[in-house]
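Undergrad: Once you've had a glance at the structure underneath, I'll fire off some questions.
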Amino acid sequence: MGIPLNRQNPSELWEGILAVVEAPQTRCYTVVTPNPEILTYAYKNSDYAQALRSVDFALPDGMGVIVMGRLSGQQFRRFTGADLTIDLLKVAQIKNYKIGILDKNGGLSTQADLKNKLSALYPSVNFEVWKVDQATEDFQTVLTLINEYQPDLLLVSIGFPYQERFITKYQNQLNCKIALAIGGSLDFIIGNRRRPPKIVRKLGMEWLYRLAEDPLYRFKRVLRALFVFPYLNLKYGIAKLFRLR
């Protein structure tokens with residue numbers, strides 16, 4: 001739907017991201033993990049779509065993206081934000097990196113939760129956490145704090161569309177190697193939220209697991225992923241076909 005996604009296999013993508021993380025800092029690279037809900041929102045919001053088009057790595061997340069890709073002749077491999085975050089934390093533990101976390105006020109995990117539990121899991125990593133109001137925040141103050149801390153990695157978990165807009169808008173002002181929009185990945189990692197079993201994740205059925213956990217909250221999101229997202233893909237594909245004629 002007009003958003004370029006990485007089509008390399010997970011090992012190739014990991015090597016590319018690892019090369020950025022382990023090299024001396026030259027600029028701030030950006031990583032997002034678009035899923036059907038994110039891509040549906042981008043289809044209807046051109047400024048957000050432009051933000052997604054400007055990132056360095058757009059890793060396909062969600063089985064809906066994989067399935068629709070295959071139906072349109074594109075071979076995508078799934079790369080979840082939670083798995084990527086865990087892999088990067090393991091590297092940070094070995095390399096004694098500094099990690100900054102930008103989290104939203106009112107989220108599931110408190111500032112102390114994030115810092116203390118992550119420090120217990122990865123004692124060789126230096127963590128700093130900042131909380132912000134995702135929709136109303138003047139980010140200049142927190143930008144100063146981030147750049148004074150000079151993290152190797154910046155994990156932005158303020159929810160879409162705010163996190164993707166943040167890392168693309170301020171990319172040239174951020175003093176870090178890489179900034180990643182990771183959603184609620186840290187809640188899973190520190191145990192404040194239960195992640196679906198591995199077999200469920202492997203089958204790409206997380207959406208069904210989460211729907212069963214919280215049907216009232218998840219129903220509209222599942223509806224968009226199962227029906228609205230395929231419809232918009234079809235609509236975009238037909239429009240593109242006629243434009244090419």
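Undergrad: Has the range 116-129 got at least one residue that is farther than 26 Å from Glu12 by Cα, among the charged types (D, E, K, R) and in contact (Cβ under 8 Å) with a residue 60 or more places away in the chain?
TA: Residues of the range 116-129 farther than 26 Å from Glu12 by Cα: 116-121, 123-124, 126-129.
Still in the running and among the charged types (D, E, K, R): 117, 128.
If we keep only those that are in contact (Cβ under 8 Å) with a residue 60 or more places away in the chain as well, we get 117.
Yes: one or more hits.
Undergrad: For the condition in contact with a helix residue (DSSP H, G or I) (Cβ under 9 Å, 6 or more places away or on another chain), more than 15 Å from Asp83 (Cα to Cα) and part of a helix (DSSP H, G or I), what is the one hit in Leu114, Leu154?
TA: Leu114
Undergrad: Answer yes or no: is there a residue in the range 29-43 that is out of contact with any helix residue (DSSP H, G or I) (no Cβ under 9 Å at 6 or more places or on another chain), under 24 Å from Val67 (Cα atoms) and either touching a residue at least 24 places away in the same chain (Cβ under 8 Å) or not β-branched (Val, Ile, Thr) (or both).
TA: We begin by selecting, within the range 29-43, every residue out of contact with any helix residue (DSSP H, G or I) (no Cβ under 9 Å at 6 or more places or on another chain); these are none.
No - not one qualifying residue is present in the range 29-43.
Undergrad: Any idea which residue in the range 1-47 is nearest to the chain's Cα centre (by Cα), counting only those that are part of a loop (DSSP other than H, G, I, E, B) and of a type in the set (D, E, K, R)?
TA: In the first step, residues of the range 1-47 are kept if they are part of a loop (DSSP other than H, G, I, E, B); the result is 1-9, 23-28, 33-35, 45.
From the residues that got through so far, the ones that are of a type in the set (D, E, K, R) too are 7, 27.
Details: Arg7: 16, Arg27: 19 Å.
Here the residue is Arg7.
Undergrad: So, in the range 220-235, exactly how many residues are closer than 15 Å to Met63 by Cβ and in contact (Cβ under 8 Å) with a residue 60 or more places away in the chain? Break it down stepwise before answering.
TA: So in the range 220-235, the residues closer than 15 Å to Met63 by Cβ come out as 221-222, 224-227, 229-230, 233.
Adding the requirement that they be in contact (Cβ under 8 Å) with a residue 60 or more places away in the chain leaves 221, 224-226, 229-230, 233.
The number of residues fulfilling the criteria is 7.
Undergrad: Let me ask you something else. Residues to consider are Gln74, Gln50; find the one that is part of a loop (DSSP other than H, G, I, E, B) and loosely packed, with under 15 Cβ neighbours inside 10 Å. Working first, answer last.
TA: Values: Gln50 fails: part of a loop (DSSP other than H, G, I, E, B).
Exactly one of Gln74, Gln50 is part of a loop (DSSP other than H, G, I, E, B) and loosely packed, with under 15 Cβ neighbours inside 10 Å, namely Gln74.
Undergrad: Something else: Scan the range 72-123 residue by residue and report those that are more than 30 Å from Lys240 (Cβ to Cβ) and basic (Lys, Arg).
TA: Correct list: Lys90, Lys95, Lys98, Lys104, Lys115, Lys117.
Undergrad: Limited to the range 143-161, what total is found for residues that are touching a residue at least 60 places away in the same chain (Cβ under 8 Å) and aromatic (Phe, Trp, Tyr)? Explain how you work it out, then say what you get.
TA: Let us first name the residues in the range 143-161 that are touching a residue at least 60 places away in the same chain (Cβ under 8 Å), namely 152-155, 160-161.
Those left that are additionally aromatic (Phe, Trp, Tyr): 160.
Counting residues in the range 143-161 that are touching a residue at least 60 places away in the same chain (Cβ under 8 Å) and aromatic (Phe, Trp, Tyr) gives 1.
Undergrad: Failed condition for Ala82, given (1) touching a Ser or Thr at 6+ places or on another chain (Cβ under 6 Å); (2) without any contact (Cβ under 8 Å) to a residue 40 or more places away in the chain; (3) not in a loop (DSSP other than H, G, I, E, B), with all others met?
TA: (2)
Undergrad: Give me the residue from the range 166-177 that is in contact (Cβ under 8 Å) with a residue 60 or more places away in the chain and either of a type in the set (A, V, I, L, M, F, W, C) or in a loop (DSSP other than H, G, I, E, B) (or both) and, out of that set, surrounded by the fewest Cβ atoms within 10 Å (Cβ to Cβ).
TA: Going through the qualifying residues, I end up with Asn175.
Undergrad: Would you list the helices (runs of 4 or more DSSP H) that sit entirely within the range 201-245 and hold 1 or more residues that are at pLDDT 75 or above and out of contact with any strand residue (DSSP E or B) (no Cβ under 8 Å at 6 or more places or on another chain)? Show your work before the answer.
TA: Working: elements: 206-213, 215-223, 229-244.
Filter on the range 201-245 gives 215-223, 229-244.
Undergrad: Continuing with the same structure: Could you tell me whether the range 4-19 includes any residue that is out of contact with any helix residue (DSSP H, G or I) (no Cβ under 8 Å at 6 or more places or on another chain), within 24 Å of Phe188 (Cβ to Cβ), crowded, with 17+ Cβ neighbours inside 10 Å and modelled with pLDDT under 95?
TA: yes
This table checks each residue for (1) over 15 Å from the mean Cα position of the chain (by Cα); (2) farther than 26 Å from Lys198 by Cβ; (3) among the charged types (D, E, K, R); (4) surrounded by 14 or more Cβ atoms within 10 Å (Cβ to Cβ).
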{"residue": "Asp87", "(1), (2), (3), (4)": "no, no, yes, yes"}
{"residue": "Asn96", "(1), (2), (3), (4)": "yes, yes, no, no"}
{"residue": "Lys104", "(1), (2), (3), (4)": "no, yes, yes, yes"}
{"residue": "Leu118", "(1), (2), (3), (4)": "yes, no, no, yes"}
{"residue": "Asp133", "(1), (2), (3), (4)": "yes, yes, yes, no"}
{"residue": "Gln140", "(1), (2), (3), (4)": "yes, yes, no, no"}
{"residue": "Glu164", "(1), (2), (3), (4)": "no, yes, yes, yes"}
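The values are calculated or read from the model by the stated rules, or taken from the named source; none is laboratory data. The shown structure was predicted, so the numbers you read here are calculated from the model rather than taken from an experiment. Cβ coordinates were reconstructed from backbone atoms using ideal geometry, including for glycine residues, and neighbour counts include every protein chain displayed.
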